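One structure is given below, encoded as structure tokens.
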Amino acid sequence: MGGVALDDGGGGGVKAPDGGWGWAVLFGCFIITGFSYAFPKAVSVFFKELIREFEVGYSDTAWISSILLAMLYGTGPLCSILVNRFGCRPVMMVGGIFASLGMILASFATSITHIYLCTGVITGLGMALNFQPSLIMLNRYFSEKRPLANGLAAAGSPVALCCLSPLGQVLQHAYGWRGGFLILGGMLLNCCACGALMRPLVPPKKNKQTSGIEEAKEGPAEKKPKAKLLDFSVFKDRGFLIYTVAASVMVLGLFVPPVFVVNYAKELGNEDTKSALLLTILGFIDIFARPTCGIIAGLKWVRPRCVYLFSFALVFNGTTDIIGSLSKDYASLVVFCIFFGVSYGMVGALQFEVLMAVVGTEKFSSAIGLVLLVEAAAVLVGPPSAGRLLDATKNYMFVFLLAGSEVVLSALVLATCNFFCIKKEPQEPKAEAEAIEPAAEMGEIRAVETFLKEGPEQNGDVISSPETCL
């Protein structure tokens, strides 16, 4: 692991390859994203057996998914510190062991509290140690194709959800919840394999002549400052502050419709299987929406304005929620799920791409940890507050109206603040100055080399001798 030292910054100044081994990194990120986002929902398949086994209520079992999500988001700064200290690959492999160990230990649980600690805390921590480093490595391996890479990696979430939920039902019927937890724990060991794919970028070897000239130009060696384990200077960046506030408001309402749409359909008098089909439709549309949005975000005239494309996706999502609140039959809910799947996929493909564009590669490892920590509080507040509103009003329309309003508000904050508070400085003169300085330095080096040359190369046909020297 000699290349771990390169993980302290933005890849050690190495240019992103935009391909090659980066596609293996993308595949690993695809798997990790799928496990991280789909696993808390897939575990809910076992809730009925857990209620029967431990004689608890549904609200007690729902804490399992809540703790998983809280660990995924709330341990962001811890992940940033570990990545900046040890590198992405070892952190992810240890995280894979934790994720698997938690599910295996939970299969021997004798109370619901044991499952909280094992599945919620230990497995949640393991997934957090995989999710954040995988995004950091994806950012280092892709630059020009980064929007597409983010879209493809984000598609792992709906794909895994479509696979893990049916698999959980099969395991439950065949082996019970204990056997299902044990098998899922074995599956999570694949996170270690994905972590092994995260090979650090190694800078190209320099020639001795080039390195000698650079050392002479730099003068005496200076001690490099130690890399910060958690860089709080990102809070001085206006763009980062705007993004953090907007993302926190967004998370309040973004995850509410998928939680309540099935029960909404049941209240309208639809069967359980027919109602559950709505989530399948939403996930299927989401699979294709994320890569497509990544391709669009990578276009030359779109990429510099990806913040506004993200704002449009949020407005689209929030407006879909507001209009969907007027649904009165199953057909209208199907249409709602189609449009929600498209907008939800756009948001999922763009949220981390925008953060990468705002803070850059060097500070991304710290920025994503701090953003996830702030979002953790909103994730825990959003769905429960919507549930309380439902208990008070007994009407799903107000739940969808609240969620849509929160998402639209986040879009307005992001777009207006970026337009009025972020000033773009002209980059052309700076680029020209940077191009002139290396040229001048190379000219000076060539002049010194020419002056120091000896023999016929310098004096032409005149051979150096005592007479000619006089």
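The values are calculated or read from the model by the stated rules, or taken from the named source; none is laboratory data. Note that this is a predicted model, so its numbers are computed, not measured. Cβ coordinates were reconstructed from backbone atoms using ideal geometry, including for glycine residues, and neighbour counts include every protein chain displayed. To get the accessible areas, we keep the full protein, side chains included, count just its heavy atoms, and leave off ligands, DNA and RNA. Shrake-Rupley method; radii C 1.70, N 1.55, O 1.52, S 1.80 Å.
Placing dummy labels 7 Å off each Cα toward the beta-carbon, the span from LEU268 to SER111 is 4.4 nm.
Across the stretch 17-200, the fraction of Cα-Cα pairs farther apart than 22 Å, rounded to a whole number, is 42%.
Phi angles of the stretch 239-250 translate, via the Karplus equation with coefficients 6.51, -1.76, 1.60 and θ = phi - 60°, into HN-Hα couplings of x, 5, 4, 5, 4, 5, 5, 5, 5, 5, 5, 4 Hz per residue; Gly and Pro are given as x.
Of the cross-linked pairs LYS266/LYS394; LYS41/LYS328; LYS274/LYS394; LYS15/LYS300; LYS145/LYS363, which ones have a Cα-Cα span greater than 18 Å in the structure shown?
Pairs exceeding 18 Å: LYS41/LYS328; LYS274/LYS394; LYS15/LYS300; LYS145/LYS363.
Surface analysis of the stretch 50-175 yields an accessible area of 38 Å² per residue, using protein heavy atoms and a 1.4 Å probe.
Remark: the stretch 155-171, residue by residue, has Karplus-estimated 3J(HN,Hα) of 5, x, 5, x, 5, 5, 5, 5, 8, 6, 5, x, 4, x, 5, 5, 5 Hz, where x stands for each Gly or Pro and the curve is 6.51 cos²θ - 1.76 cosθ + 1.60 at θ = phi - 60°. Here the stretch 254-378 is described by how far its Cα atoms reach on the three principal axes: 53, 33, 22 Å, from widest to narrowest. Placing a pseudo-label 7 Å from each Cα along the Cα-to-Cβ vector at ALA276 and ARG305 gives an inter-label distance of 4.4 nm.
Take the Cα of TYR330, step 7 Å toward its Cβ, do the same at CYS421, and the gap between the two points is 4.7 nm.
At R0 = 22 Å, how high is the FRET efficiency between PHE27 and PHE86 if r is their beta carbon distance? Nearest 0.05 is fine.
Working: r = 23 Å, r/R0 = 1.04.
The computed FRET efficiency comes out at 0.45.
Please list, by residue number, every one of the trypsin sites (Lys or Arg not before Pro) in the stretch 282-352 that is coil in DSSP and has at most 16 other beta-carbon atoms within 10 Å. Show your work: numbers first, answer last.
Working: sites: LYS300, ARG305, LYS328; in loops: LYS300, LYS328.
Sites meeting the loop and neighbour criteria: LYS300, LYS328.
Going 7 Å from the Cα of LEU412 in the Cα-to-Cβ direction, what parts of the stretch 281-317 have a backbone nitrogen less than 17 Å from that spot? Answer for this model: 311-317.
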